[in-house]
Amino acid sequence: MSANGTVGKCTAGDGFCGVVRAVAHDGKACTVQLGGLASVKYSGTAPAVGFSELVADGSGGVSKPGDNQNGSSYLVLSVDSAAGKAVIKL
């Protein structure tokens, strides 16, 4: 959340609460998935299956937190290292 009723793109290291699934043609509205299972891109080292701390990577995906960063714990159900994607429970 970036303001009342507004979402914004995360920067690297930010916490996240959902995943944007669709954006209107004019860019003024979007659909955000706030719960359930989500397939997300990851960068850096693949998250481990099970509970893993994750943060936004600043490029529309997720990553493991770096030094001096704290992530939130998400259940990682599967990792596809060839595709650079993971399925997480939001």
Out of Ser59, Ser63, sole residue that is farther than 20 Å from Thr6 by Cα and at pLDDT 95 or above
Ser63
Which of (1) outside any loop (DSSP other than H, G, I, E, B); (2) surrounded by 13 or more Cβ atoms within 10 Å (Cβ to Cβ); (3) among the aliphatic types (A, V, I, L, M) is the odd one out, the single condition Ala12 does not satisfy?
(1)
Give the number of residues within region 66-85 that are at pLDDT 95 or above and at negative phi.
13
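I'm checking my understanding of the structure. Among residues of region 26-36 that are surrounded by 11 or more Cβ atoms within 10 Å (Cβ to Cβ) and either among the hydroxyl-bearing types (Ser, Thr, Tyr) or under 11 Å from the mean Cα position of the chain (by Cα) (or both), which one is nearest to Ser63 (Cα to Cα)?
Within region 26-36, the first condition is being surrounded by 11 or more Cβ atoms within 10 Å (Cβ to Cβ), and the residues that meet it are 30-33.
Checking which are either among the hydroxyl-bearing types (Ser, Thr, Tyr) or under 11 Å from the mean Cα position of the chain (by Cα) (or both) leaves us with 31, 33.
On the way: Thr31: 22, Gln33: 18 Å.
My answer is Gln33.
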Please count how many residues of region 52-68 are touching a strand residue (DSSP E or B) at 6+ places or on another chain (Cβ under 9 Å) and within 17 Å of Cys17 (Cβ to Cβ).
11
Residue, nearest to Ala86 (Cα to Cα), within region 16-71, restricted to residues that are assigned to a loop (DSSP other than H, G, I, E, B) and basic (Lys, Arg)
Lys64
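Residue-by-condition table, conditions (1) touching an Asp or Glu at 6+ places or on another chain (Cβ under 9 Å); (2) in contact (Cβ under 8 Å) with a residue 40 or more places away in the chain; (3) surrounded by 11 or more Cβ atoms within 10 Å (Cβ to Cβ):
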| site | (1), (2), (3) |
| --- | --- |
| Ser2 | no, no, no |
| Gly5 | no, no, no |
| Val19 | no, yes, yes |
| Ala24 | no, no, no |
| Ala38 | no, yes, yes |
| Tyr42 | yes, yes, yes |
| Gly58 | yes, yes, yes |
State the number of residues belonging to region 76-90 that are touching a residue at least 40 places away in the same chain (Cβ under 8 Å), assigned to a strand (DSSP E or B) and either small (Gly, Ala, Ser) or over 12 Å from Val62 (Cα atoms) (or both).
3
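The values are calculated or read from the model by the stated rules, or taken from the named source; none is laboratory data. As the structure is a computational prediction, the values presented were derived from the model and not from experiment. Heads up, the Cβs are rebuilt from the backbone with ideal geometry, glycines too, and the neighbour counts pull from every protein chain shown.
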